[in-house]
Amino acid sequence: MISMQITIPENELVNYIKENFKKDDIIELSYNRIFLPGKIINIIPYDPLIIILQLQGELLNQTIEININKIKKELIEIRHTQNKKTKIITIK
């Protein structure tokens, strides 16, 4: 269920993630030509901001580290599910 759609400027994205994303949340990152669905295992809230994600794909279920600072210019959308409510976050 999509409960909200918001647009965030690229320069505010890191702070938004630090304040709103939590361990065990589900996120779907769309950037460049990549789509990454996964469960947040950990967030390392330093510079650079790192999200450790357990992929939830049909073929891949490995754990990866994503440096948000490196990909934020290419991010198109993040679907963030927390407590069964989904936000669609568009980055401008």
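The values are calculated or read from the model by the stated rules, or taken from the named source; none is laboratory data. Just so you know, these numbers come straight off a predicted model, no measurement behind them. Counting neighbours? That spans all protein chains shown, and the Cβs are built from the backbone with ideal geometry, glycine included. Accessible surface areas use protein heavy atoms only, side chains included; no ligands, DNA or RNA. Shrake-Rupley method; radii C 1.70, N 1.55, O 1.52, S 1.80 Å.
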Hits in region 32-48 - residues which are surrounded by 14 or more Cβ atoms within 10 Å (Cβ to Cβ) and either in contact (Cβ under 8 Å) with a residue 60 or more places away in the chain or within 17 Å of T86 (Cα to Cα) (or both): L36, P37, G38, K39, I40
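Residue-by-condition table, conditions (1) open to solvent by less than 80 Å² (accessible area, probe 1.4 Å); (2) modelled with pLDDT of 90 or more; (3) under 16 Å from S3 (Cβ atoms); (4) touching a Gly at 6+ places or on another chain (Cβ under 6 Å):
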position	(1), (2), (3), (4)
K23	no, yes, no, no
E28	yes, yes, yes, no
L75	yes, yes, no, no
T90	yes, yes, yes, no
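Can you pull out every residue in region 34-73 that is assigned to a loop (DSSP other than H, G, I, E, B) and over 17 Å from N15 (Cα atoms)?
Selection gives Q56, G57, E58, L59, L60, N61, Q62.
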Options L29, L55; residue that is farther than 17 Å from T86 by Cα and out of contact with any Cys (no Cβ under 9 Å at 6 or more places or on another chain): L55
Residue that is farthest from the chain's Cα centre (by Cα), among those in region 20-49 that are closer than 21 Å to I76 by Cβ and of a type in the set (D, E, K, R): R33
Members of region 1-17 that are in contact (Cβ under 8 Å) with a residue 60 or more places away in the chain and either in a helix (DSSP H, G or I) or in contact with a His (Cβ under 6 Å, 6 or more places away or on another chain) (or both): E10, L13, Y16
